[in-house]
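The values are calculated or read from the model by the stated rules, or taken from the named source; none is laboratory data. Just so it is clear, the structure is predicted and the values come from calculations on it, not from any experiment. Here Cβ is always computed from backbone atoms with ideal geometry, including for glycine, and neighbour counts include all displayed protein chains. Heads up: the accessible areas ignore ligands, DNA and RNA and are worked out on the full protein's heavy atoms, side chains in. Shrake-Rupley method; radii C 1.70, N 1.55, O 1.52, S 1.80 Å.
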Amino acid sequence: MKHRVLLLGLGFWGRNWMELITKTDRCELAGVAGAEQELKQVAEQYHVPENMCFTDFREAIEETKAEIAIIVIPGVLHFEADTLALAHGMNVITEKPLAMNIEQAERLLEAKAKYPHLKFMASQNYRWRPHNQAIRDAIAAGMIGDVEAVEVTFRKQEDLQGYRAGLEQPLLQDVCIHHFDLIRFFTGKNCKSIYCRSYRPSWSLFDGRPSTDAVMTLDGGVRVSYTGSWAARGCETSWDGDFKITGSKGCLTLDANDDVWFFEHRKNDAVVMVSGAQQGVKLDKPQMAHTEMAYGFHMMMDCIEQDTVPETTLEDNFKSYAMVCAGLHSVESGKEENCK
């Protein structure tokens with residue numbers, strides 16, 4: 001029996017989901033909802049019958065007997081779509097943002113608690129890349145000992161597509177959720193507090209402040225230093241950012257080529273005035289049958305079939321989203337803020 005999937009949203013990411021759904025033999029399309037022009041294009045390209053096409057996501061949820069709803073509509077509509085899909089017995093995969101603010105995210109937690117038998121997961125696709133899996137596996141295996149410090153640098157030039165141009169805090173509001181979630185994923189720790197500052201470089205194409213510096217304290221006293229700019233000039237990182245994760249035995253790094261390196265700690269017996277670049281060991285990346293969104297999609301179907309819990313549940317992703325919200329509050333207050 002194939003899983004019946006309802007897709008809500010046909011923008012850039014919605015089209016990617018549509019491609020994935022149509023190429024996955026474990027599922028079948030139950031319906032799509034989107035803006036009229038987008039809907040017409042998708043219906044023609046993928047031969048979607050008229051009775052499966054909706055311009056109103058509410059109508060799509062109410063009339064489509066789907067098992068899984070994938071929510072890719074604008075963020076301001078996520079809460080309504082999520083809760084309505086749950087009320088109609090659908091398991092939910094949601095793209096970011098999880099909510100529009102921390103209060104709405106808390107209300108979403110309360111709503112989901114009414115349906116304990118349904119699965120709800122956030123699509124945190126950065127976790128499901130081979131290089132990030134390699135980092136998590138190495139830390140879990142004890143390669144660098146207990147993690148005590150994390151440094152993250154992110155540098156990308158502006159991307160003004162869609163709603164991003166009008167954001168007051170483009171990096172914090174749109175991209176940091178990925179980096180903050182990776183911090184939790186790599187370390188296995190939750191954030192206790194964050195002190196955050198943002199600014200706008202003079203050359204930035206954003207009207208808002210696309211550059212952010214932050215210091216975080218995680219459970220167990222792990223310290224995180226984050227420096228990011230979505231108005232970078234010159235050298236850029238990957239979208240994952242450059243990571244340096246340090247423990248008692250050495251450190252792991254992730255570079256712009258998505259390569260993971262291990263640098264073993266070697267104690268110097270004497271003070272050395274002249275230093276050179278230490279040679280690291282490049283780690284192998286795991287072979288993955290699925291990556292990115294496909295990994296999460298197959299995870300959801302596995303969890304439904306096996307009655308297990310997705311990795312990035314609503315409850316788990318709330319902890320990453322709370323880091324973003326606390327960072328935004330810190331920018332406003334000028335103080336260190338606690339994470340929920």
Checklist outcome for this item: Restricting attention to region 134-192, the residues that are under 17 Å from the mean Cα position of the chain (by Cα), hydroxyl-bearing (Ser, Thr, Tyr) and under 23 Å from Leu98 (Cα atoms) number exactly 1
Checklist outcome for this item: Reported set for region 230-271 where residues are surrounded by fewer than 19 Cβ atoms within 10 Å (Cβ to Cβ), in a loop (DSSP other than H, G, I, E, B) and among the aromatic types (Phe, Trp, Tyr) is Trp239
Item to check | Subset of region 113-128 (residues that are closer than 10 Å to Val92 by Cβ, open to solvent by less than 20 Å² (accessible area, probe 1.4 Å) and of a type outside the set (A, V, I, L, M)) | outcome: Phe120
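Test Met323 against the stated conditions and say whether it is part of a helix (DSSP H, G or I), out of contact with any Lys or Arg (no Cβ under 6 Å at 6 or more places or on another chain), among the hydrophobic types (A, V, I, L, M, F, W, C) and over 18 Å from His179 (Cβ atoms).
Details: part of a helix (DSSP H, G or I): yes; out of contact with any Lys or Arg (no Cβ under 6 Å at 6 or more places or on another chain): yes; among the hydrophobic types (A, V, I, L, M, F, W, C): yes; over 18 Å from His179 (Cβ atoms): no.
No, not satisfied.
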Next on the checklist: Taking the conditions exactly as written (under 27 Å from Ala289 (Cβ atoms), open to solvent by 10 Å² or more (accessible area, probe 1.4 Å) and touching a residue at least 60 places away in the same chain (Cβ under 8 Å)), does Lys96 satisfy them or not?
Outcome noted: yes
